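Engineer: Questions regarding the structure given below will be posed in turn.
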Amino acid sequence: MPRSRPDLFARHVAWTSDAPMGLEVAHARGPYITLMDGRCLIDCISGIAVSSIGHCHPHVIQAAKEQMDRHLHVMVYGELIQQPQVDYAVRLCQELPEPLQTVYFTMTGTEANEGALKVAKKFTGRTRIVAFEQSFHGDTHGSLSVTGRDIYRKPFRPLLPEVTFLPFDDVRALEAIDTSTACVITEPIQGEGGMNVPSDAWMHALRDRCTETGALLIFDEIQTGFGRTGTLFAFEGFGVVPDIMTVAKAMGGGMPLGGFISRLDILRTLRADPPFSHVTTFGGHPVSCAAAQAALEIILKENLPARARKIERIVRARLKHLCIHEIRGRGAMLGLQMDSSSLAQYLVAECLNRGLILGWTLHAGNLIRLAPPLNIPFDVLDNALRTICDVLNRQ
C-alpha cells in the first residue's frame, strides 16, 4: 500500500482538532492497528466503542462480502423489502423486551437521536424536551440541542427551543418533567460527560415520572449498547425499559449503522401527515445490516457482555493501587480519573509511544477512556495494563 502524504491529508481531508494524531493506518485486525511505519498498536479505545468485536472480524467480513455479491444500495425508505434488513431487525428484536420491537435504521448515532426526538414530538403532540447536564448526544443540530455541555452548544446557538436541562442522577429534579414534555432523553451511563453511572433509584424514578406524565423516555445507547457495559444493553443492568432506544457504534461490527427502536404504534406516526415524515438515503444499508447480524451473533455466542464484566474486574484489580483518583464506568466502558490534566496527557502520550492507544473523553482533560474490544485476549489486555502501570510508576 502506498503511503499517503501528510500535506495532502492536511489540505484535502477536513479534521477538527488542533493537532490530529496523524497515524497512518496500514491495516487493523483484532485488537491491533498496524501503521504504515510498521508499528503495531494495541487498540484500547475500539474506535470509540465501535470495534467491540475487534477489527475486521472474519465472520463480519464474510457476511459483508456475501451481501456485496447480492446487491448494494437499492432503496431504504421501507419501500422495498431487503432480506438483510428484515433478518437483522427480527434477530435484534428477539433480544429486546416490549415495547422495543420495531426498528428504524439510520447510518449514525446522531441521526438516530434526531429521528427519536422527531417521532416523540409527533407521537405526543408536545414540544418540550428534557435532557441532562453533562450529556452528549451528537453534533447535528437536534442532537446538539439536547447535549448538556455548553462548550459544544455555544458556537451554534440558537438551537432547538423548549429544551430543559436537569442535573443528572438527581431524583428531586425529575419533578420538572410534566405533561407538556414530549420526551426525556438520557444516556443510561454518561460517556463523554465523564463515565457517570447513575443510581438504580434515579433510573426507576425517571421511568416512573415519564410514565406518570406521558412523556416518552429515550435511552441513548449509542455507546453503551451491544455488550459494552456488561449486559447486552445498559438498561438491562438497571431493570428499566425505555419507550425508545437509540443505537449505533458497535451495532455494525465496524460498518456504519444506527437506528432507533420503539413500539410500532409510535413509529407508524412517521407514515402519515405527511407520508415519509422521516427518511434516510443510506440508513439500513444491506451490507451494514448483514455485517451487523454477524456481529450480534458473535456477541451472543461468545457471551461478550459477561466478558465485559470480567474486563472491568481485571482493570480495577490491576490499576487500583496506582495514582489514579478514581476508576469510573461499568463493564468495558471505563474512565481513569487522573489527578490532573497534565498527568492524563502524559499517560496517553507515553502509552502511545509504547504501542498502546488510549482515549480521552472530549473536553474532560483529566479523564482517560479505556474501552478495549470485548473479545480482547486477556494476555493482550494484561500487556496493555502493564504498560499503563509502568508509565505511571515511572512518572
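Engineer: Is it the case that Gly365 is on the phi > 0 side of the Ramachandran plot, among the small types (Gly, Ala, Ser) and open to solvent by 10 Å² or more (accessible area, probe 1.4 Å)?
Structural biologist: For Gly365, the condition - on the phi > 0 side of the Ramachandran plot, among the small types (Gly, Ala, Ser) and open to solvent by 10 Å² or more (accessible area, probe 1.4 Å) - is not met.
Engineer: Here's a check for you: in the range 316-338, which residue that is in a helix (DSSP H, G or I) and touching a helix residue (DSSP H, G or I) at 6+ places or on another chain (Cβ under 8 Å) is most open to solvent (accessible area, probe 1.4 Å)?
Structural biologist: Arg318
Engineer: Check the range 113-129 and report whether any residue there is of a type in the set (A, V, I, L, M, F, W, C), within 20 Å of the chain's Cα centre (by Cα) and farther than 23 Å from Leu264 by Cα.
Structural biologist: no
Engineer: Turning to a different aspect of this structure: Just the residues that are surrounded by fewer than 18 Cβ atoms within 10 Å (Cβ to Cβ), in a loop (DSSP other than H, G, I, E, B) and among the aliphatic types (A, V, I, L, M), please, taken from the range 253-274.
Structural biologist: Within the range 253-274, just Ala272 meets the criteria.
Engineer: Here's a check for you: in the range 339-360, which residue that is under 23 Å from the mean Cα position of the chain (by Cα) and open to solvent by less than 10 Å² (accessible area, probe 1.4 Å) is modelled with the lowest pLDDT?
Structural biologist: Once the filter is applied, the top-ranked residue is Gly359.
Engineer: Confirm whether Arg313 is open to solvent by 10 Å² or more (accessible area, probe 1.4 Å) and either closer than 30 Å to Arg328 by Cβ or among the hydroxyl-bearing types (Ser, Thr, Tyr) (or both).
Structural biologist: yes
Engineer: Restricting attention to the range 93-144, which residues are of a type outside the set (S, T, N, Q) and in a strand (DSSP E or B)?
Structural biologist: Val103, Tyr104, Phe105, Arg128, Ile129, Val130, Ala131, Phe132, Glu133
Engineer: For residues that are open to solvent by 80 Å² or more (accessible area, probe 1.4 Å) and either small (Gly, Ala, Ser) or not in a strand (DSSP E or B) (or both), scanning just the range 27-43, find the one that is farthest from Gly253 (Cα to Cα).
Structural biologist: Among them, the one singled out is Asp37.
Engineer: Step by step: first the residues of the range 2-26, then only those that are of a type outside the set (Gly, Ala, Ser) and surrounded by 13 or more Cβ atoms within 10 Å (Cβ to Cβ), then the one that is modelled with the lowest pLDDT. Which residue is that?
Structural biologist: Restricting to residues being of a type outside the set (Gly, Ala, Ser) and surrounded by 13 or more Cβ atoms within 10 Å (Cβ to Cβ), the top hit is Phe9.
Engineer: Moving on to the next point. Identify all residues within the range 31-65 that are touching a strand residue (DSSP E or B) at 6+ places or on another chain (Cβ under 7 Å) and over 20 Å from Leu257 (Cα atoms); write none if there are none.
Structural biologist: Pro31, Tyr32, Ile33, Thr34, Leu35, Met36, Cys40, Leu41, Ile42, Asp43, Cys44
Engineer: Checking the condition farther than 27 Å from Thr181 by Cβ, of a type in the set (Phe, Trp, Tyr) and buried (at least 16 other Cβ atoms within 10 Å of the Cβ), which residue from Tyr88, Tyr152, Tyr104 passes?
Structural biologist: The unique qualifying residue is Tyr88.
The values are calculated or read from the model by the stated rules, or taken from the named source; none is laboratory data. The model shown is predicted, which means the values in this text are computed figures rather than measured ones. Cβ: placed from backbone, ideal geometry, glycine included. Neighbour counts: every protein chain shown. Each accessible area value is taken on the protein alone, full model and side chains, heavy atoms only, with ligands, DNA and RNA left out. Shrake-Rupley method; radii C 1.70, N 1.55, O 1.52, S 1.80 Å.
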